[in-house]
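Nothing in this text is a laboratory measurement; each read-out follows from the coordinates by a stated rule. Fair warning: this is a prediction, and the values are worked out from it, not measured in the lab.
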Amino acid sequence: MTQLILIRHGETLWNTERRMQGQLDSPLTARGVWQACRLGERLKSLPFSALYSSDLPRARQTAQHIAEATGHVIIDDARLRERHFGLFEGLTRAEMEKHDAEIYTRFMSRDPHYAVPGGESPAGFFARCRAALEELAARHAGDTIAIVTHGLVLDAAYRAATGLALDAQRPVPLVNASLNWFDCDGGRWSAGRWGDADHLGDGVTIFGDGTV
């Protein structure tokens, strides 16, 4: 059994503008930097054997604050990137619909096998995330590891642990700079505490799927 601490990156500019980040990027806001610093302080008191990060800058910047506080070396892994949203990346929901109403309607239908042109389908993305996380869990069997990543990677782990269908709405929020606890043993998953942001006090920000 391996314990995975999945961590969403700190608040970004595009989070506040409600833009779809996907595999494009925007910088952490001042609040996001503060959140990342608080993460570092929190993780100093939590023993873990390795620190992984998506290679996208918003996750990497968040992980850097953890590394500075805990002394861990960051291990980059491109498999931990956010879902690719193709031609919708960088747009707000209103801009997506204006850009192509038909594609937007199909995207919003939650069809697990539909990919926005240039992007990934929910099913393909879920398979990528699950395979990556299970490989990391096997690599660190019996240990606890910290993984700085993105909202929908957390969503994929939640669905793996709970059996929630890919076309079902997730009943829990995505919290910036939160700790999300999972146990993984081969293909068997269980979920622990979700959206743990005790280290942020009143500095919590919550953004949903439209800003991942």
Q | Within the chain, helix-based [θ] at 222 nm, where runs of 4 or more DSSP H residues each add -39,500 (n - 2.57), nearest 500 | A | -11000 deg cm²/dmol
Q | Cα gyration tensor category, rounded, prolate or oblate, for segment 98-212 with a/c compared to 1.5 | A | oblate
**Q.** Listed candidates (i) 27, 20, 14; (ii) 30, 23, 14; (iii) 33, 18, 16 - label of the one calculated as semi-axes √(5λ) of the Cα gyration tensor in Å
**A.** (i)
Q. In the chain, what % of DSSP beta bridges are antiparallel (nearest 5)?
A. 50 percent
Q. At what distance in angstrom do the alpha carbon centres of segment 140-171 and segment 1-51 lie from each other?
A. 15 Å
